[in-house]
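Asks: Sharing a structure here in structure tokens format.
The values are calculated or read from the model by the stated rules, or taken from the named source; none is laboratory data. Note that the structure is predicted; figures quoted are calculated from it, not measured. Here Cβ is always computed from backbone atoms with ideal geometry, including for glycine, and neighbour counts include all displayed protein chains. For the accessible areas, the whole protein counts, side chains as well, though only heavy atoms, and no ligand, DNA or RNA atoms are used. Shrake-Rupley method; radii C 1.70, N 1.55, O 1.52, S 1.80 Å.
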Amino acid sequence: MPEREFKLPDLGEGLTDGEVVRWLVKEGDVVALNQPIVEVETAKAVVEIPAPYAGTVVKLHAAEGDTLDVGAPLLSVDTGGGPAAAESPAVPEPEPEPEQQQATLVGPGERQQARRRRLARPGGAPTRPGPTGPSQRPLATPPVRKYAKDHGVDLAVLTGTGKDGRVTHEDVDRALEPVAARPSRDRGEERIPVKGTRKQIAAAMVASSFSIPHVTEFLTVDATSLMALRARLRALPAAADLKLTPLAIVAKALCVAVRQFPLMNSSWDEDAGEIVVKGYVNLGIATDTPTGLLVPNIKDADTLGILDLSRELVRLTGLARERRATPADLTGGTVTITNVGGFGVETGTPIINKPECAIVATGLIAPRPWVVDGQLAVRELMTVSVSFDHRIVDGAYAARFLAHLRDLLEDPALLSA
């Protein structure tokens, strides 16, 4: 019998395992070459893996929810003696968008034009068609689907409150409320397996904390003019359908500030014994997702205006929360920003996203007393902090950078200077 065994391929970026989220085929199904057969969740994204052979599925070697090491058997296919793919099928990473393909072939100006063409397209990022017909599955992201399965909740009986009727994490929690109310549940213990995103986060945090000498500096910023600029921008017709937050303006200021202080936009190359200074800004955005912290980055962020930065912030953080961000979205960052103010927190000491040199944290913007021209006034204040790699820059350099960033935020007219 011409049966061929397909093993979980190397998904790249140092990933060593993956969790089977959803099988798209079952034993006995006839599959075509490159037909999507399974969704696998890695520490960074959920990817569809295509069939490496055409034929009949003989055996699925893992159940939904199982974690497999790279190289472990995934499924077996009876090829029936027909044509088959090469022995080593290509890694199923999503195709990069046109401007990503051009990144190594064209200059910054052409990359900017390509990005603007994409931003002008209705809807932004492409979407995958969902299932059709009367037997379609309830809409839910893979993390929500797994959460429901782990807790014995049938998604089909829930009414989704998310966009387009999508079942959310909160919908599943509501279905669990009678169970959660039992006293025995509150007084027991729970052991949570460390895998997937949480395992990757743990490894990254340990690697950063114990290999980079962190130093954090803080500064209070009068954000009154920043908030006024935001109000003016929100009134523009071009921003009518845009969720414009202060973070977009801070992101623009950060891109401008690293022009004056390029070492803040660099990395440490241990093997080569070199500091690598980047002539471009791929701005990482620390994003809270249902499965943990992800940091997608805006490519060539320094070439974008505030409104386009805002669009990219919304697009990339949305993809990250839905676990649809690609490996390209999650790698290649040069400097990162995190907004702890969104949680009502005033400041923080963020951990550097290795191998970058710096990460900037913005705190809560709130009205407070402040001295202006010798007079006490109520102003919109914000605390900004920066953690930096002390191997690359000294405290005085980082302090001058932070002061320059403050000047840009307090007088946003300087952003176009």
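Asks: Let me know the volume per residue of the alpha-carbon convex hull for region 323-417, in Å³.
Replies: Values: hull volume 14.7 nm³, N = 95.
About 154 Å³ per residue, rounded to a whole number.
Asks: Shifting gears a bit: Students often check this: by mean Cβ neighbours within 10 Å, which of 213-226, 161-174 ranks highest, and how do the rest follow?
Replies: 213-226, 161-174
Asks: If amide hydrogens are placed 1.01 Å from N in the peptide plane, which non-local residues have theirs closer than 5 Å to the one on Ala140?
Replies: Distant-sequence amide H within range of Ala140: Val167.
Asks: For region 139-281, would you read off the P(r) tail past 23 Å as a percentage of all alpha carbon pairs? All intermediate terms of the calculation are to be shown ahead of the outcome.
Replies: Values: 6877 of 10153 pairs.
Every Cα pair in region 139-281 considered, those over 23 Å come to 68 percent.
Asks: May I ask you to derive the FRET efficiency for Asn34 and Thr349 from their Cβ-Cβ distance with R0 = 41 Å, giving the value to the nearest 0.05?
Replies: E between Asn34 and Thr349, to the nearest 0.05, is 0.30.
Asks: Separate question: Rounded to a whole number, what is D in µm²/s for region 259-417 from Stokes-Einstein with the Kirkwood radius over alpha-carbon pairs (4 °C, 1.567 mPa s)? Mind dumping the intermediate values first?
Replies: Details: Rh = 16.9 Å.
In µm²/s, the coefficient rounds to 77.
Asks: Moving to a separate point now. Please list 237-243, 71-77 highest first by mean number of surrounding beta-carbon atoms within 10 Å per residue. Write down the numbers at each step before the final one.
Replies: Numbers: 237-243: 10.7, 71-77: 18.6.
Output ranking for 237-243, 71-77: 71-77, 237-243.
Asks: Can you work out ³J(HN,Hα) from phi for every residue in region 306-313, in order, using Karplus 6.51 cos²θ - 1.76 cosθ + 1.60 and θ = phi - 60°, giving whole Hz and x for Gly and Pro?
Replies: Taking θ as phi minus 60°, the curve returns 4, 5, 5, 4, 4, 4, 5, 4 Hz for region 306-313.
Asks: If you average the sequence gap of Cα pairs under 8 Å that are 6 or more apart and divide by the length of region 204-361, what percent do you get for the contact order?
Replies: 26
Asks: Next question. Between Leu376 and Glu189, how many nm apart are label points set 7 Å from Cα along the C-beta direction?
Replies: Distance between label points: 5.4 nm.
Asks: Subtract the Cα-Cα distance of Glu5 and Tyr280 from 0.36 nm times their separation in residues, and report this length gain in nm to one decimal.
Replies: 94.6 nm
Asks: Let me ask something else about it. Between Arg166 and Asp66, what is the label-point separation in nm under the 7 Å Cα-to-beta-carbon projection?
Replies: 2.9
Asks: Okay, moving on. How about Lys7: which lysines have a C-alpha closer than 27 Å to its C-alpha, ignoring those fewer than 8 places off in the same chain?
Replies: In chain and number order, the partners are Lys26, Lys44, Lys59, Lys146, Lys149, Lys195, Lys199.
Asks: Measure off, as a whole percent, the carbon and sulfur share of the 1.4 Å-probe accessible area of region 264-417, all protein chains present. Numbers along the way, then the final one.
Replies: Details: 3360 of 6280 Å².
Whole-percent figure for carbon plus sulfur exposure: 53.
Asks: Still on this model: How big, on average over all directions, is the shadow cast by the Cα convex hull of region 369-417, in nm²?
Replies: Averaged projected area of region 369-417's Cα convex hull equals 4.8 nm².
Asks: Which order do peptides 25-33, 401-409 fall in by mean Cβ count within 10 Å, highest first?
Replies: 401-409, 25-33
Asks: A follow-up question, please. Can you list residues whose amide H is under 5 Å from Asp17's amide H, if they're 5+ apart or on another chain and H is modeled 1.01 Å from N?
Replies: For Asp17, whose amide H was placed from the backbone, the distant partners under 5 Å are Val70.
Asks: Something else: Work out from phi, with θ = phi - 60° and the Karplus expression 6.51 cos²θ - 1.76 cosθ + 1.60, the ³J(HN,Hα) of each residue of region 352-358, listed in order in whole Hz, and give x for Gly and Pro.
Replies: 5, 7, 4, x, 5, 8, 8
Asks: Which FRET efficiency, nearest 0.05, do Asp271 and Asp241 yield, Cβ-Cβ r, R0 56 Å?
Replies: 0.75
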